[in-house]
Amino acid sequence: MTERTTAERHDLISPVTGEVLRQVRLASHEEILASAKRLMAIPIEGPPEDLFAFFRRLEGNLKTRREELIRTTIAETGFILHDAEETVDAALDYLASFETFVARHASPDVVYRHSYSSSTRRSMRLTSRPYRMIAALVPQNASLSLGITILTAAICAGSRVLLRPSLQTASTGALLAEAVAASDPPEGRLDVVNSLAATFLEAACASEHVEVVHYIGSNRHAASVLHQTFAAGKLCLLDGQGNGMLYIDETYPLETATRLITDAATRFNGETCTSVNGVLVEESLYPRLRHALLESVAALRLGDPFHPDTRVGPLFSAGQAGSLRALLHSEGARLIGGGEVEGAYIRPAIAEGVHPGHSMVREGLYGPCLWIHPVRGSDVPRWLHANRFPLSDAVLSARPDAIREFARVSRAPRVCVNADPSIESMFEPWGGYPPGSLNPVSPWIQKYRQSYQLDGHHEEIATAAGSAPTAPVEL
């Protein structure tokens with residue numbers, strides 16, 4: 001795939017066919033500023049019930065577009081049919097259940113007393129208020145699901161949102177925008193903007209109305225995004241790529257482990273932040289698991305992602321496939337299976353001979369490949385702590401003590417226990433990207449509300465806090 005972009009349009013090229021899927025008109029800096037101003041000019045009105053009714057209408061309108069969304073997702077990303085179906089159906093389920101989710105997980109305010117040893121009418125109430133506007137950039141590997149998650153969470157939090165889909169997934173972004181428009185959205189709450197990422201970020205930083213920039217994307221750009229937003233006085237939420245590691249000991253069934261690891265390394269072509277990139281194997285198990293994984297990976301069908309029997313499709317570009325193959329051969333690593341490249345396709349691969357300082361171990365892989373290495377249990381922390389981007393680690397073991405110890409020493413904000421880490425839920429708490437300290441693991445709605453403290457007499461701070469969905473918790 002070769003991107004073609006001019007000052008006013010972008011050619012969206014399919015990694016499957018190499019053909020132009022769509023010409024995308026790019027919004028200018030001035031148009032993005034005008035969109036933010038237009039949203040801000042409209043007062044936020046109406047009860048929460050109106051928002052949930054909009055989400056139900058959106059679910060209905062997306063459901064009528066289900067088949068088109070699935071076909072478009074495959075053409076844009078190269079994800080196989082099963083994975084594209086999973087993406088679209090998860091989004092529909094999320095919208096259908098969102099009101100129930102919010103009702104069950106409302107976060108109460110917390111009240112602290114000024115003194116716990118003397119009589120006082122003064123207390124402190126930890127509460128929250130919505131940020132005025134969120135400007136969010138979402139990546140090519142999860143544009144639809146993250147776009148829907150962000151717009152529902154931001155609107156429910158009481159914020160407005162400017163959503164910039166990845167240009168590589170602009171066709172699904174357009175289908176989402178059409179469904180939103182057909183669903184009678186609440187006025188002044190959201191806009192979907194196609195633009196260059198740099199243009200969008202510059203406009204968000206320049207806008208007096210945007211308070212939060214939420215960047216979800218490549219690790220390569222995260223530091224510069226943080227620097228730019230800091231200079232503009234904006235709150236920045238960073239979510240970058242993850243580097244998933246998995247540890248398995250000899251107590252876990254070999255056949256089950258082989259299937260789970262194969263799926264976790266290749267689901268969505270190995271291009272998610274929770275894909276398994278490296279496997280640490282208890283020494284006594286290593287020869288058997290190595291053999292089983294080589295057989296399992298070799299059996300995967302690589303090819304047309306529209307075919308129901310295909311297990312791995314193309315990456316986003318031929319350049320990505322070539323770079324991945326070079327990485328598998330780098331720094332003394334040995335490619336022991338797969339790795340052949342043809343265009344944007346790379347045959348699922350396994351490498352060994354790595355060490356904690358190796359780039360694959362420290363920064364991960366982006367594709368249907370993984371490294372494996374034998375270890376003693378006491379060596380696991382050293383390998384885990386070498387990881388620069390630990391977002392999701394996993395442990396496979398029947399020993400409770402081994403599971404507890406792994407969870408204790410892992411630095412990942414998400415630890416999967418005897419489960420495939422590449423299977424995610426749109427309802428799950430999100431965050432914890434290691435280089436960014438302002439985005440801890442938390443519910444999405446909470447991310448788009450600013451926590452603050454009310455300090456004063458009990459009755460007066462209760463009045464200032466206003467009505468809340470749940471009674472405050474007093475500590």
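The values are calculated or read from the model by the stated rules, or taken from the named source; none is laboratory data. Just so you know, these numbers come straight off a predicted model, no measurement behind them. Heads up, the Cβs are rebuilt from the backbone with ideal geometry, glycines too, and the neighbour counts pull from every protein chain shown. Heavy atoms of the whole protein, side chains included, go into the accessibility calculation; ligands, DNA and RNA do not. Shrake-Rupley method; radii C 1.70, N 1.55, O 1.52, S 1.80 Å.
A few points about this structure:
- Residue match in the range 29-37 (condition: hydroxyl-bearing (Ser, Thr, Tyr), modelled with pLDDT of 95 or more and under 20 Å from VAL193 (Cα atoms)): yes
- Being closer than 26 Å to ARG71 by Cα, open to solvent by less than 40 Å² (accessible area, probe 1.4 Å) and out of contact with any Ser or Thr (no Cβ under 8 Å at 6 or more places or on another chain) holds for only one residue in ALA222, ALA177, and it is ALA177.
- Just one residue in the set SER437, SER425 is open to solvent by 50 Å² or more (accessible area, probe 1.4 Å) and modelled with pLDDT under 95; that residue is SER437.
- Screening ASN61 with (1) closer than 30 Å to SER207 by Cβ; (2) more than 26 Å from the chain's Cα centre (by Cα) gives one miss only, at (2).
- Identity of the residue in the range 98-118, of a type in the set (Phe, Trp, Tyr) and open to solvent by 40 Å² or more (accessible area, probe 1.4 Å), that ends up nearest to GLY147 (Cα to Cα): PHE101
- Residue within the range 163-170 that is charged (D, E, K, R), open to solvent by 40 Å² or more (accessible area, probe 1.4 Å) and on the phi < 0 side of the Ramachandran plot present: no
- Every residue from the range 140-151 that is of a type outside the set (S, T, N, Q) and either open to solvent by 20 Å² or more (accessible area, probe 1.4 Å) or closer than 30 Å to GLU460 by Cβ (or both): ALA142
- Being crowded, with 17+ Cβ neighbours inside 10 Å, in contact with an Asp or Glu (Cβ under 6 Å, 6 or more places away or on another chain) and modelled with pLDDT of 95 or more is a property that LEU95 has.
- Count of the range 294-332 residues which are in contact with an Asp or Glu (Cβ under 7 Å, 6 or more places away or on another chain) and within 22 Å of VAL281 (Cα to Cα): 0
- Within the range 1-13, being under 26 Å from the mean Cα position of the chain (by Cα) and either modelled with pLDDT of 95 or more or of a type in the set (A, V, I, L, M, F, W, C) (or both) holds for MET1, LEU12, ILE13.
- Summed over the range 179-214, the residues that are without any contact (Cβ under 8 Å) to a residue 40 or more places away in the chain and farther than 24 Å from GLY158 by Cβ give a count of 1.
- Flag if GLY217 is under 22 Å from VAL24 (Cβ atoms), open to solvent by less than 10 Å² (accessible area, probe 1.4 Å), touching a Pro at 6+ places or on another chain (Cβ under 7 Å) and not acidic (Asp, Glu): no
- Hey, GLY357 at pLDDT 95 or above, in contact with a strand residue (DSSP E or B) (Cβ under 7 Å, 6 or more places away or on another chain) and either within 27 Å of ASN219 (Cα to Cα) or surrounded by 19 or more Cβ atoms within 10 Å (Cβ to Cβ) (or both) or not: no
- For the range 380-404, a residue qualifies if it is touching a residue at least 12 places away in the same chain (Cβ under 8 Å) and either of a type in the set (Lys, Arg) or part of a helix (DSSP H, G or I) (or both), and the qualifying residues are VAL380, PRO381, ARG382, TRP383, LEU384, HIS385, ARG388, ARG399, ALA402, ILE403.
- Taking the numbered list (1) under 19 Å from LEU235 (Cβ atoms); (2) in contact with a helix residue (DSSP H, G or I) (Cβ under 9 Å, 6 or more places away or on another chain); (3) surrounded by fewer than 23 Cβ atoms within 10 Å (Cβ to Cβ) in turn, GLU211 passes all entries but (2).
- Of the residues in the range 360-370, none is over 25 Å from the mean Cα position of the chain (by Cα), surrounded by 19 or more Cβ atoms within 10 Å (Cβ to Cβ) and either part of a helix (DSSP H, G or I) or small (Gly, Ala, Ser) (or both).
- PHE316 being open to solvent by 20 Å² or more (accessible area, probe 1.4 Å) and within 23 Å of ILE216 (Cα to Cα): no
- The range 409-422 - residue that is open to solvent by 40 Å² or more (accessible area, probe 1.4 Å) and not in a loop (DSSP other than H, G, I, E, B) and, of those, nearest to ILE248 (Cα to Cα): VAL417
- Within the range 227-250, considering residues that are out of contact with any helix residue (DSSP H, G or I) (no Cβ under 8 Å at 6 or more places or on another chain) and over 25 Å from MET426 (Cα atoms), the one most open to solvent (accessible area, probe 1.4 Å): PHE230
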